[in-house]
Every structure is written in C-alpha cells, then in structure tokens.
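To keep things clear, I will list the structure first and then write my remarks on it.
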Protein chains: 4
Amino acid sequence: MTGPPTTTQARTRAERLRQELREEIVTAAFEEFSQRGYHDTGIADIAQRLGIGHGTFYRHFKNKRDILDHVVDGLLARILEALAAENAPDAVDTLDEYVEQCRRISGALSEIFSADPRVARMLLLEATSIDAELTERVLGLFDTATALTAAYFMHGRELGYLRADLDVDGTARAVVGVILANLLQGLRTPADREAQRRTADAGLRLMFDGIARR
Amino acid sequence: MTGPPTTTQARTRAERLRQELREEIVTAAFEEFSQRGYHDTGIADIAQRLGIGHGTFYRHFKNKRDILDHVVDGLLARILEALAAENAPDAVDTLDEYVEQCRRISGALSEIFSADPRVARMLLLEATSIDAELTERVLGLFDTATALTAAYFMHGRELGYLRADLDVDGTARAVVGVILANLLQGLRTPADREAQRRTADAGLRLMFDGIARR
Amino acid sequence: MTGPPTTTQARTRAERLRQELREEIVTAAFEEFSQRGYHDTGIADIAQRLGIGHGTFYRHFKNKRDILDHVVDGLLARILEALAAENAPDAVDTLDEYVEQCRRISGALSEIFSADPRVARMLLLEATSIDAELTERVLGLFDTATALTAAYFMHGRELGYLRADLDVDGTARAVVGVILANLLQGLRTPADREAQRRTADAGLRLMFDGIARR
Amino acid sequence: MTGPPTTTQARTRAERLRQELREEIVTAAFEEFSQRGYHDTGIADIAQRLGIGHGTFYRHFKNKRDILDHVVDGLLARILEALAAENAPDAVDTLDEYVEQCRRISGALSEIFSADPRVARMLLLEATSIDAELTERVLGLFDTATALTAAYFMHGRELGYLRADLDVDGTARAVVGVILANLLQGLRTPADREAQRRTADAGLRLMFDGIARR
DNA sequence: CATGAATGAGGTTTCATTCAT
DNA sequence: GATGAATGAAACCTCATTCAT
C-alpha cells in the first residue's frame, strides 16, 4: 500500500510518469510566461527549462495556446478553491461573523497572491492580452467573486446586519475592486508584505466603517 | 471666429499636415491595438486602416514600439488631466465638499472610461503585457492616483472630517481599487452605463458610510 | 575677365551653378562611398552632406548606380592622365631614360594614391563589387596600364636596352602587379608614406636589377 | 578501403548529416556570393540552390554575415595551407633551390586560383567590400604572404645568394604584388591558363633577372 | 528647379509546428 | 514515446525612387 489513491489516479507507472511530466510542463510554462511574458516565451524555452526536447512538448499539449489555458486553469482553480472553501454565505449570521469571514477570505487570497507575485502577474498582466476568450475567463473570476460577495451582502441585508439600502451588486463590484487593489499592490512591491497587509486591513475597515468620522 | 490656436500650432501648411497625419496614425494604432491586441496588429494593419503605405508609418514613428508609447502617452495624459483638473486637496474643507469632489473626479473618469471602453482595454489589458518599462508606466498611474487620494485623506484627517485613525496610505490604495472596479465594470459591460453608475455610486457610499447597518 | 574659360565652359550663370553642384555631388558621393561603402551609403547621406534635399540628387543623376559611375570615371580619368602625361613610349631611348620615366610615372601615381588613400579604397575595394560592368571598367585600367607598359618593353627590346628574351606581355602584367603592391601598401598603412616610398623603390630595383646577387 | 577518416569525423549519423549540410551551405553560399555578389544574394537564393527551406539556413548559421565569414575562412585556410606547406624559409640554401621553391609556391597558388576563378573573385572583389573587419582579414593574407617572402629574402641575403643591399620588406611587398597581378590575370581571362602561366614565369624572371639586358 | 513626403519591393530573421528517425 | 531538424508563414524595417507642391 502506497497510500490512498488520488482522484486523478493513474493506473500504470507509465501513466503516472506521463501525468507528472504534464504537470512539470505546466509549471515550467507558468514560470516562463509570468517572467518573460507569453509572446516572448518560446516553446523551446519551456522545454529547455525542463531539459526535454521541444518536440516532446507537443506530445502533451496541442499548441502554445493550449498550455496557456492549462496554466491559467490551474491558477484559477486555486483561487476559486480559496474563495469557496468553507465559506457558504448562509453560514454567517452576524456582523462579527461576517467580518471574521472576510478576514479569512482575505487571508486565503493573501496566501496565494503574496506568496507568489507571479500569480497576479500571470493572470492580470499576461493572460488578459492573448485573446478574448482567455480574457473573458480571467475577468469571469471577478464576476464569480462579485457574485459570491453579492450573496453575502444579500444574506446580511436580509438578516439585518447590513444596511437595508445597500446596493448589493454595485457594492459587491466595488469591494472586488478593493481586492484588485491588493493584487496591484502585490505587483508593485512584491516584497513589502506589510503594505499589502495594511491595504487589506484598510479595505476591511472601509467596508465596515467607511472613512468619515462618526 | 475659428477658436483659439491650439498649443501645438503648426506654422506652415506642410507642418500642419504632417502633424495631422501623426495624430491619425496614433489614433489608428490605438484602434487596432485595443481591438486586435498589440501583438496581433501589424504595421501594415495600421497603415491600411489609414490608406497609407506602410513605409509611410516609418517616416513618422521609429518603430512599432514607438507608436505604442505615443498611444499610451496620449491616454495617460488625458487621465492625469482629469485627475488633476481643479482638484487641489486643500481646496476641500468639509466632508460634504469632499464627497462632492469625489463625485466630480468619479464623473470625469467615467467620462473617459465609459465613453470609450477601449481606453481601459488598452491600458489595463494591452499595455501591461509588452515590457517592464511600459507596465511600470501604466501602473505608475495608480501610484499617482493613490498619492493624490492620500493627500486628500491627510488633509481631511487634519481638518477632522475624516476618521482620526484612518490609515491614509492603505486606505488610499483601497479606494483606488474602487476606481479599478469601475474600470473593470466598463470592460465587462461596456454598454451598460447604468451598471457603471451604480458601481461608482456604491463605491462612494462604501467610502463614506461603509456597508454595516448603523 | 575672370580668367581663361575652362574646357567645360558653361555659358549662363545658372548653367555654371548647375555644373558646380553636379561636381559637388560627385565629390560628396566619393567621400561617402569610400568611407561607408557603396551599399551602406544612402542617397540621403550624400544629400545631407551637401545640405541639399535628397530629391535634388535625382535632378542631376539618374540613380544611385549612375553617380557611382561618375565617381569612378573621375578617378579613372585622373589616373589615366597621370599614366599618359608626356610619357610616350618612343620618347625613351636608353635604359637610364626609361628608369627615369618609370620614376616619374611612379611618382605621379604616388601623388594620387598616397595623397588620398580613399582613391585606392574606392577603386579596388568598393567599385569592384557592384556589378560586372563596373568591375570590368576598373580592371580595364590594369589592362591599359599593362598595354602601356608592354609598349615600353617592346620599344626597349627593339632598341636593345632590355632583355632580348623578355616576355613583353607577361612581364608587363607582372610589373603592373608591382604597382598594385604600392596601392595595397597605401591601403594598409595610409599614414606611412615612407613604407610606400620603399615599396615603390624596391619595385623599381626589382625591375631593373632583380634580387639575385650579381 | 574507404580512405582514412577525416579530421572532423562525426560519430553519430545525425552529427554527420548535420556537418555535411553545413558544408553544403557554405559551398552554396560561396557559389552564390562569388557569382551574384554578397549584397545581391539573398538567403533564399542559397537555400533554393540546395533545395532546402530558408529557415533551415538559420539552424546552421547565425545570420548572413556569419556564413560569409565561414566562406572566407575556408578559402583563406586553403591558401595559407598552400603557402605554408613544406616551405620553410631556412630549408633553402642556394639561389637555385630558392628559384625552385618559388616555382613550387607559384604552382600551388595557381592550383587554387586558376582551378577556380571564383576564389579570387570572392576574396578580392566581394570580401573586401563588406566591412572593415573582413577587409582586414583578407588583406591580412597579403601581410602574411609578405612576411613569409621577407623571411626568405632575409635568409637569402644572409647566405649571400641574394643582393646584400636588398630592401627585404619593400621587395617582399613588391613581389606579393606580382602574385596579385597573377590573381587579376585569372579574374580577367579565367580560361587563358597560358597567359597566367606566362605572367607567373615573367614574375619569376623579374625577380631573378630583372628586365634589363646584361 | 528644389524639396521631402510617400511608397512598396525586397530582404532578414523568428518561431510555432510537423514528422521522420 | 522522445527528439530536434526542417519548414515557411509572417512580421519588421530600409531605402531607392517618384512626384506633387
């Protein structure tokens, strides 16, 4: 027994190795794309980074565009997972719980974006300039985040701990903008984790207190 | 009355035609770049759109990268102008005046971004994927906006109409995120001006009221 | 009266100015061609050197190739003149006179080639790589020199002051090679006039004494 | 018996094919360059001559200039080999031996230049008009020849079979000029081997007898 | 007549993709 | 299945030449 079977269990050893190589290629492509940019990266660069022939690449991915999809898919999946994890909108019933929830989500996103600035670079800068389809997919992430946020707001408004006149959709979009600000901050000063934390905190206080003196 | 002479007045007729063509090329390049993307646009595409020979392009711009700089410069200039116009931080002395100020800036930005969704597309999606220098220039715009916002916050905190414990820098960054949300909204649903207005309004209310019930 | 009329007398003032400009263009082209090379020189470079529009060039010369012909013609004419000047083969009747004649010709050529290393550069290096016709014309100069030399040899052999078994044609070609040696020397060390003089002297002694001890 | 392995023996079959193609490209480039001229030859011409795609060219040579270097290098190597082979200056101790030596070198050069007039055309006409570096390399060949000749003269002067007052360097340069004359002769009348032989012989007699009657 | 803006043929080079080994 | 040699479309850019002003 070598442990429990993973969901993407590969039966044969060959199958397993193949799967591993695929993932290594995706990783290598991510590294090259996020560093040199999609257009300045050649298939040969990716292959060379792995020490494989560049023809081998085409045994695993249809073409250059294909690998990009896989890179982006992986990143999107990680983010969606962080957004969704144990974060059902109706699991929160008070303002304090919601604040706590926001902190948790904020922390999870920080975990991803601050830990590796290349993620934001890849998604925001590179992936949005290839073609409409991919741009759509990345921007769709913001829609998803907006929808999730809106669901929380709706829930909170119904339970009464959020403003009754809250424009659920519009505010959700604005709040997602604050998340974006954090990503940009990570792009600009990758090393300054403190600035990123302060921006996140300021965003939370903005949400719950506004800026005006009371 | 033909109006006051423009600042870039050209004396001779040839000079004027030359200047006009330069500007037409910049416009055509903007249109192509924002639509097909920088990498998928050839110099020939730009020239064809104007009905000029592609060699003519090179009489006016050094190379493909050069025209991109001019396109971006023009857009950045328009935005900076909108941000800076009659908007000195210390011209505002009460919360109401500041809210009004914010509305005005928000409106001016809407004027630019909502009127032409290609501006945001060009700056956010295309210009950020060419090289580090240009990315820097575009992202620098956010720094400028952040600095301006921070100046307002500082002023408001001193005059007492903003929270005394306001994290000026962090909050400024978060608020610029709200502007970003508006840009994104314009990218996603260019035709839906109402959605854009609601996002902008929600952003303002977020700033001044937060979301929690009082 | 402003002096005696030149052979290429121009009647009108306009005609004269035109002629002067033509010559200036030829000179400028020579300077550019011999320095940057024919292919690396643009019509615009030549025009710029004179401070005229490059369209003007085409009012005076058919095309780029045309001006090259004129440059080369001018140089060839100067050289042929030096070779031919008061140097009729039958004006020499003794070995001493012939030696003297050779010295004079050698000196005249030095005057041209050593005074301006660009002449040799232009003729030997540039003009021989454009097309067959021009190469032919430059190499034809050597035929002319050979023919002239052969005439001297023939005359000397008949009058008895040269070897009776002299291979007139072959030797003439070899002797022209000695002249070539001088040109090369000028190309290699343009500043070292002394080396050029020694090469020339050595060539003469080679002709009249050979190298073997007597 | 398939003969001894060449020095550039390639182990694997792929290695060998690659090497062969490289050499074929060099040969094809030589043919095109010497015939149409460097500037009038496109990479496509070279590729077409071999029936390969023009992209293939760039798998083997960095750029157009690179292949020219290789072409010239090959020619220079052949000539230097001919000059140096079994031709040590101090292996000659009498005038007769030296004459014999000169005949041998002259013959070896004829072998190269008369056998293929394109060699002289390539080196003298084409290669000298590309840039300073390459011109330098070709003209350097004459320096080498001059130095070798000078070494012979020095040796002969010391041993007494050459004139005691011989200007070793100047004369060496003049003699190399005679070789040049032979090359030119080959360029002018490639088919007339007899004329080339006569020029060479005349050159030798010039060296050892001069032209004057004794 | 001088000018220089416009032109486009032509050339070099890159690189994603294919396919024989 | 891996490899990398071969391919050629496609892009950028230059510059000799024309011609309207």
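Residues of the range B:195-214 that are under 20 Å from B:Phe153 (Cβ atoms), more than 7 Å from chain A (Cβ to nearest Cβ) and buried (at least 22 other Cβ atoms within 10 Å of the Cβ): B:Ala200 alone.
Of the candidates C:Val99, C:Val71, C:Val92, the single residue that is surrounded by 12 or more Cβ atoms within 10 Å (Cβ to Cβ), away from DNA strand F (no atom under 16 Å from the Cβ), β-branched (Val, Ile, Thr) and at pLDDT 90 or above is C:Val99. Going through the range A:149-194 one residue at a time, which ones are surrounded by fewer than 17 Cβ atoms within 10 Å (Cβ to Cβ), among the small types (Gly, Ala, Ser) and assigned to a helix (DSSP H, G or I)? Within the range A:149-194, just A:Ala151 meets the criteria. Among residues that are surrounded by 14 or more Cβ atoms within 10 Å (Cβ to Cβ) and more than 16 Å from DNA strand F (Cβ to nearest atom), C:Thr27 is included. Every condition in (1) surrounded by 14 or more Cβ atoms within 10 Å (Cβ to Cβ); (2) modelled with pLDDT of 95 or more holds for A:Gly42 except the one numbered (1).
Here is a yes/no grid of residues against (1) within 27 Å of B:Thr144 (Cβ to Cβ); (2) touching a His at 6+ places or on another chain (Cβ under 8 Å):
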residue: B:Arg16; (1), (2): no, no
residue: B:Gln19; (1), (2): no, no
residue: B:Gly37; (1), (2): yes, no
residue: B:Ala77; (1), (2): yes, no
residue: B:Val92; (1), (2): yes, yes
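The set of residues from the range C:64-84 being hydrophobic (A, V, I, L, M, F, W, C) and touching a Lys or Arg at 6+ places or on another chain (Cβ under 9 Å) comprises C:Val72, C:Leu76.
Do you know which residues across the range A:125-148 are aliphatic (A, V, I, L, M) and part of a helix (DSSP H, G or I)? Listed by number, the residues that qualify are A:Leu125, A:Ala127, A:Ala132, A:Leu134, A:Val138, A:Leu139, A:Leu141, A:Ala145, A:Ala147, A:Leu148.
Annotation note: Cβ proximity below 7 Å between a residue of the range C:28-56 that is without any contact (Cβ under 8 Å) to a residue 40 or more places away in the chain and a residue that is more than 10 Å from DNA strand F (Cβ to nearest atom) and of a type in the set (Gly, Ala, Ser) (sequence gap 6+ or interchain) occurs for C:Ile46/C:Ala28; C:Ile46/C:Ala29; C:Arg49/C:Ala28; C:Leu50/C:Ala28.
Per-residue answers, yes or no, for (1) within 16 Å of DNA strand F (Cβ to nearest atom); (2) over 30 Å from C:Arg18 (Cα atoms); (3) of a type in the set (A, V, I, L, M, F, W, C):
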position	(1), (2), (3)
C:Tyr58	yes, no, no
C:Lys62	yes, no, no
C:Arg104	no, yes, no
C:Glu126	yes, no, no
C:Leu139	no, yes, yes
C:Asp143	no, yes, no
C:Thr149	no, yes, no
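Listed by first and then second residue, the pairs with beta-carbon distance under 8 Å, at least 6 apart or on different chains, first residue in the range D:125-138 and more than 10 Å from chain C (Cβ to nearest Cβ), second not aromatic (Phe, Trp, Tyr), are D:Leu134/D:Leu68; D:Leu134/D:Asp69; D:Leu134/D:Val72; D:Leu134/D:Ala127; D:Leu134/D:Thr128; D:Arg137/D:Val72; D:Arg137/D:Leu76; D:Arg137/D:Ala127.
Restricting to the range D:45-56, and then to whatever is among the hydrophobic types (A, V, I, L, M, F, W, C) and within 10 Å of DNA strand F (Cβ to nearest atom), can you tell me which residue is farthest from the chain's Cα centre (by Cα)? Taking the candidates together, the pick is D:Ile52.
The values are calculated or read from the model by the stated rules, or taken from the named source; none is laboratory data. Note that the structure is predicted; figures quoted are calculated from it, not measured. Every residue, glycine among them, receives a Cβ derived from its backbone with ideal geometry; neighbour counts consider all protein chains shown.
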